[in-house]
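S.K.: What follows is a single structure, and I will ask about it in a moment.
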Amino acid sequence: MSYFNTGRPFVIAGPCSAETREQVMETAAALAQMNVQLFRAGVWKPRTRPGNFEGNGDEALAWLKEAKEQYGIPITIEVAEPEHIEKALRYGIDVLWIGARTTVNPFQVQRLADALRGVNIPVMVKNPVTPDADLWLGAIERMEQAGIKDIAAIHRGFSTYGKTALYRNQPNWAIPVELKRRLPELPIICDPSHITGRRDKVADIAQKAMDMGFEGLMIETHPRPDEAWSDARQQITPEELRELLSWLVIRQQHTADMSKQAQLENLRQQMDNVDMEIIDLLARRMELSEQMGTVKRDSNMTAYQPARWREIVQTRGAHAQTRMLSKDFVIALYEKIHDESIKKQLAILQAEEKDAR
Ligand code: PEP
Ligand code: MN
């Protein structure tokens, strides 16, 4: 049983940064009364630009140690340097996490892994800022190879060029789902605070993570969020966290209800059949595409025909809507199908060009 599978959800809460002794003690006192498994706080803060508050370092470690002794709540902090690990261990920190800006850098992750060799401590790996499942997986593998037994992934969203109106970091759920496919036993914790960047959306994303079957939540919590020294807009009060947790609907992966199981099994079989039909239809469509490629080759036409592509987008989009399907979804699907079609036709044109040379 993983360290992170105790309590569903496994809740990590606490301020973005350990600002003052009073703020740490006040927050820990409130959270220790709730269903919170780990107290989080930033001690060294990675900042986008220099000159912002960069954390209180060693002094903050002493406050966290005191909070743990006083309220019995285990502590987690972010580490970005081997020296941070050494200090965290010295101050009895219980769990470490690797931040999004560190996970992008395999050299740095390896330095941390080397410092962790032979150390028995759970480690959480935040996703890299770029939407790259391999990079995330790679950082987790470096921890495994260093002998870390308890590892969890934290999904904190991905940055995009030109911030979208709704979220600070796009959730891009397909990436944590892919990670889970590759490592089915790996607990995944969602960080709705850094995904949304705004407190009024934190509960929505927390619920979505639970509906997706994630194991835990990391939620930034501050006694007076508007006065926070970092990430003020996304933090919630301990009282708001209590309310959020009380409203969360927790679903199970499985059900003991046999008739529901049978119903699901029946629907799955139907879905398997539909998927096989979709693949057969795609194969037929590609055959047609290749035949068209031959005609285009023989009549010296280009593979890509903009007018035809416009017509496909228009007619398929319109048809999708008559079947209650999202137009955007069907067009996105057709972009992939059309791209593959064109690739096949180009191969036919290019084979002829090669023969001619
Ligand atoms: C944080 O958790 O406060 C933090 C810096 O997060 P991230 O690495 O996800 O940006
Ligand atoms: Mn933060």
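S.K.: Can you name the residue in segment 119-135 that is outside any loop (DSSP other than H, G, I, E, B) and out of contact with any helix residue (DSSP H, G or I) (no Cβ under 6 Å at 6 or more places or on another chain) and, of all such residues, is nearest to Ala209 (Cα to Cα)?
M.R.: Ranking the candidates gives Met124 first.
S.K.: Sticking with this one: Give the residues of segment 136-167 that are out of contact with any Pro (no Cβ under 9 Å at 6 or more places or on another chain) and assigned to a strand (DSSP E or B), sorted by residue number.
M.R.: Answer for segment 136-167, where residues must be out of contact with any Pro (no Cβ under 9 Å at 6 or more places or on another chain) and assigned to a strand (DSSP E or B): just Ile154.
S.K.: Identify the single condition in (1) of a type outside the set (Val, Ile, Thr); (2) surrounded by 11 or more Cβ atoms within 10 Å (Cβ to Cβ); (3) over 22 Å from Gln345 (Cβ atoms) that Asp272 does not satisfy, given that it satisfies every other one.
M.R.: Just one mismatch for Asp272, condition (2).
S.K.: Further question on the same structure: Given the criterion assigned by TED's automatic domain parsing to the domain that holds Asn35 and more than 16 Å from ligand 2 (Cβ to nearest atom), identify the matching residue among Glu239, Glu290.
M.R.: Within the list Glu239, Glu290, the selection yields Glu239.
S.K.: Go through Gln261, Gln252, Gln234 for me and flag whichever is surrounded by 12 or more Cβ atoms within 10 Å (Cβ to Cβ) and modelled with pLDDT under 95. Reasoning before the result, please.
M.R.: Details: Gln252 fails: surrounded by 12 or more Cβ atoms within 10 Å (Cβ to Cβ); Gln234 fails: modelled with pLDDT under 95.
Result of the check over Gln261, Gln252, Gln234: Gln261.
S.K.: List the pairs whose first member sits in segment 237-260 and is under 20 Å from Lys201 (Cα atoms), whose second member is open to solvent by less than 70 Å² (accessible area, probe 1.4 Å) and part of a loop (DSSP other than H, G, I, E, B), and whose Cβ atoms are under 6 Å apart, counting only residues at least 6 apart or on separate chains?
M.R.: Every condition considered, the pairs that remain are Arg242/Met34.
S.K.: For segment 216-225, state whether one or more residues are surrounded by fewer than 20 Cβ atoms within 10 Å (Cβ to Cβ), away from ligand 1 (no atom under 16 Å from the Cβ) and either assigned to a helix (DSSP H, G or I) or not assigned by TED's automatic domain parsing to the domain that holds Ala32 (or both).
M.R.: Looking for residues that are surrounded by fewer than 20 Cβ atoms within 10 Å (Cβ to Cβ), away from ligand 1 (no atom under 16 Å from the Cβ) and either assigned to a helix (DSSP H, G or I) or not assigned by TED's automatic domain parsing to the domain that holds Ala32 (or both), one finds none in segment 216-225, hence no.
S.K.: Any idea which of Glu54, Glu69 is among the charged types (D, E, K, R), within 15 Å of ligand 2 (Cβ to nearest atom) and without any contact (Cβ under 8 Å) to a residue 12 or more places away in the chain?
M.R.: Unique residue meeting the criteria: Glu54.
S.K.: Does at least one position in segment 277-287 carry a residue that is open to solvent by less than 70 Å² (accessible area, probe 1.4 Å), in the same structural domain as Ala30 (by TED's automatic domain parsing), in contact (Cβ under 8 Å) with a residue 40 or more places away in the chain and out of contact with any strand residue (DSSP E or B) (no Cβ under 9 Å at 6 or more places or on another chain)?
M.R.: Taking every residue of segment 277-287 in turn, none turns out to be open to solvent by less than 70 Å² (accessible area, probe 1.4 Å), in the same structural domain as Ala30 (by TED's automatic domain parsing), in contact (Cβ under 8 Å) with a residue 40 or more places away in the chain and out of contact with any strand residue (DSSP E or B) (no Cβ under 9 Å at 6 or more places or on another chain).
S.K.: Give just the number: which of (1) within 16 Å of ligand 2 (Cβ to nearest atom); (2) within 20 Å of Gln23 (Cα to Cα); (3) assigned to a loop (DSSP other than H, G, I, E, B) does Ile93 not satisfy?
M.R.: Going through the list (1) within 16 Å of ligand 2 (Cβ to nearest atom); (2) within 20 Å of Gln23 (Cα to Cα); (3) assigned to a loop (DSSP other than H, G, I, E, B), Ile93 breaks only (1).
S.K.: Return a yes/no flag: does segment 54-65 have any residue that is within 29 Å of the chain's Cα centre (by Cα), open to solvent by 10 Å² or more (accessible area, probe 1.4 Å) and more than 16 Å from ligand 1 (Cβ to nearest atom).
M.R.: No, that holds for no residue.
The values are calculated or read from the model by the stated rules, or taken from the named source; none is laboratory data. These numbers come from a predicted model, not from an experiment. Here the Cβ is made from the backbone with ideal geometry for all residues, glycine too, and neighbour counts use every protein chain on show. In case anyone asks, the SASA skips ligands and DNA or RNA and just uses the protein heavy atoms, side chains included. Shrake-Rupley method; radii C 1.70, N 1.55, O 1.52, S 1.80 Å.
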